[in-house]
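Below is one structure, written out as structure tokens; the observations come after it.
The values are calculated or read from the model by the stated rules, or taken from the named source; none is laboratory data. All of these numbers come straight from a predicted model, not from anything done at the bench. All Cβ positions, glycine included, derive from the backbone under ideal geometry; neighbour counts span all protein chains shown. Areas reflect the complete protein model, heavy atoms only, side chains present, ligands, DNA and RNA absent. Shrake-Rupley method; radii C 1.70, N 1.55, O 1.52, S 1.80 Å.
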Amino acid sequence: IPDELADQNCATMGVEKLLQELNSILGTAYTLETPSLRDILEACIKKELEFGTAYGHLRPRWLLDFTKFESYMTGYEADDTAAREKALQGDHIINPRLPPRRRQMWAVSHSWMAPPQRQYVWTAVNARQWSVPIPDDVSLAQIRIELLNLGAEYVWLDVLCLRQNGRDADEEALRAAEWTLDVPTIGHVYHQGANQPVICYYSGLGRPFTVEAGVLAGERHWMNRAWTLQENREQSIVAGITNASPPFPPDEFEGDTEVARFARLLSNLPYEHPTNIFIALQAMQKRASVNPVDKIAGLAYVLQCNPLPVYKTTETDEDAWARLIECLPARYRGDILFQYPECGDGRLNWAPSWTQVLENTLPKGGGVYIAQDVTYAREHTQYRYRGYVIRGSALKGFEGALDPSPGNSKRTGQLAIQPAMPQSNGLSFDMVALHKTPIPDGQYTLISGRGMGHLEYWVVAKDKVALLEGVLLVEKVSVLRASSPTVERAIGESHLGEDMDIVLR
């Protein structure tokens, strides 16, 4: 439909003109005598809807029974309100797959231009509830035409569907309230099903697709924004293609052109549900965001948090990170416990602070799935792990720095275990550290998985106190790995440890 028609107020059109236009566009021949149709059109006029809004509501059910339309709309609104009320429980969203407030079929992914390159337009598309920020060299009409040409009929576009900055305090309060729930659940918009179409504007909303020299280094590029990580899909549709755009994907994928480099970067991005948490953390490390907490909030959907933490722009990034860890799947907490090589310098000893995540070299987690679960007991605000524990273990050989020789990526040392019986000979095993964190020679408690086949990864810890029989409170020092499957098997066959419940500080 033309923009001029879409912007017309139904109240100025009248019921007959409104029906005439709808019949013309949708190829029908309804009359005002069609049961319930007059009431529906008069409701659009009473609400002073723009024609485009009325068309969007009516089109999906235009060929169905109009007598059920009012109950359908009333029921939908009531169900949507109830679902949102039930989804919020304190600081958590217990339904991560909550559909968006303003329904859609396709989703648009883009990065915002820098403020000097934006314009703010008022449009009937969002009932002029807020000004819409778009690049200063495009128009909503151009964007709409391209989306139609790509095959989209209904789309979710953040600048139109997610409430933006308000004109007064009341509108700002409404925006903040909606964002508490709407921002964390945006990820689901892009992953509603295996065939969910996602249209990507890699060079800015509505702008021609280009990959010019140096553009990939800009913090405003799609590749470098925090929120676009959760919007990535393997079957994304590239938008903005013009005669001047480079072929994409490029013919020479391994070439040294900017577009080939972009294609490789894109192919290496994690999709939904990475095998290891460090894949996602590494992808987020160098990305940019307006609010520091956005980099943390942008990880929640990628990492399958359930519940999702609510969105708070007023909290510190360390508080946001602590809430994210609470909501992580247990196996991702296991990745942190068994692979991050340092003790945390924030509120948790066993996990890094957010500052450490951003500034330190993270473990190479690609393809690693260690299957160790760290649970969170919310009622006690405790992190717990049940694993195989060897106490009184002597470590030697990990005090020094990593040998900087080319190709060297590990240090080898010894784990010595003295059996409880004094007359028995001690046992020694080769262990490796794939990191540069020094571990002073000394006595430690070592913690691993339970049972044969789960003794490759080890946490080096110090006992703090025995809380109960069979329960330890420990303080993490670092991590190690068995040097080979043979060593892993020998440790298990020695039967020098026991299964214990661990409380992590």
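What FRET efficiency, computed as 1/(1 + (r/R0)^6) with R0 = 35 Å and r the Cβ-Cβ distance, is obtained for Ala29 and Ala127, rounded to the nearest 0.05?
Values: r = 30 Å, r/R0 = 0.86.
For Ala29 and Ala127, the calculated efficiency is 0.70.
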Counting each DSSP H run of 4 or more residues in the chain as -39500 (n - 2.57), what helix-only mean residue ellipticity at 222 nm follows after dividing by all residues, to the nearest 500 deg cm²/dmol?
-9000 deg cm²/dmol
Give me the extension gain from Gln418 to Gln235: residue separation times 0.36 nm, minus the current Cα-Cα distance, reported in nm with one decimal.
60.3 nm
Contour minus Cα-Cα distance for Gln285 and Glu153 (0.36 nm per residue):
43.9 nm
Give the angle, between 0 and 90 degrees and rounded to the nearest 10, that separates the Cα long axis of helix 140-149 from the longest principal axis of the Cα atoms of the chain.
80
Skipping prolines and chain starts, which residues have an amide H placed within reach, meaning under 5 Å, of the one on Gln382, given they are 5 or more residues away or on another chain?
Ala377
List the relative contact order of the chain as a percent without decimals, with contacts defined as Cα pairs under 8 Å and 6+ residues apart.
10
So for the pair Ile1, Lys464, with labels modelled 7 Å out along Cα→Cβ, what separation do we get in nm?
6.3
Report the residues of the range 149-174 in range of a label on Leu88: point 7 Å along Cα→C-beta, backbone N strictly under 14 Å from it.
173-174
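Please give the per residue accessible area of the range 30-96, computed with a probe of 1.4 Å over protein heavy atoms only, in Å².
Working: 4060 Å² over 67 residues.
That works out to 61 Å² per residue.
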Please compute the contact order of the range 277-364 in relative form: average sequence separation of alpha-carbon pairs under 8 Å and at least six residues apart, divided by the residue count, as a percent.
29
Between Thr361 and Arg384, what is the spin-label point distance in nm, taking each point 7 Å from the Cα along the Cα→C-beta axis?
3.7
Degrees separating the helix 10-26 axis from the principal Cα axis of the chain, which is the longest one
80
In nm, spacing of pseudo-spin labels at Glu77 and Lys410 (7 Å Cα→C-beta vector)
6.4
Extension gain (nm, one decimal) between Leu64 and Gln443, 0.36 nm per residue minus Cα-Cα:
128.9 nm
Considering amide H positions built from the backbone, and no H for Pro or chain starts, which residues 5 or more places from Lys464, or on another chain, come under 5 Å of its amide H?
Leu473, Val474, Glu475
Share of Cα-Cα pairs in the range 143-215 beyond 19 Å, in percent?
52
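In the chain, what percent of the accessible surface is made up of carbon and sulfur (1.4 Å probe, ligands and nucleic acids excluded)? Walk me through the intermediate numbers first.
Numbers: 12450 of 24330 Å².
Carbon plus sulfur share of accessible area: 51 percent.
In this model, which of Lys286/Lys476; Lys286/Lys312; Lys47/Lys312; Lys295/Lys462; Lys86/Lys464; Lys364/Lys476 are farther than 30 Å apart at the alpha-carbon? Kindly include the intermediate steps, with their values, before the conclusion.
On the way: Lys286/Lys476 27 Å; Lys286/Lys312 22 Å; Lys47/Lys312 34 Å; Lys295/Lys462 33 Å; Lys86/Lys464 41 Å; Lys364/Lys476 20 Å.
Those over the limit are Lys47/Lys312; Lys295/Lys462; Lys86/Lys464.
Between Ser267 and Thr180, what FRET efficiency follows from the Cβ-Cβ distance if R0 is 35 Å, with the result rounded to 0.05? Each step should come with its number before you reach the end.
On the way: r = 35 Å, r/R0 = 0.99.
Efficiency computed from Cβ-Cβ geometry: 0.50.
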Where in the range 242-282 is the amide nitrogen less than 17 Å from a point lying 7 Å along the Cα-to-Cβ axis of Val215?
242-251, 256-267
Rounded to the nearest 10 degrees, what's the angle between the helix 330-339 long axis and the longest principal axis of the chain, both from Cα atoms, 0 to 90?
50
Descending Cα extents along the principal axes, the chain, whole Å:
101, 53, 40
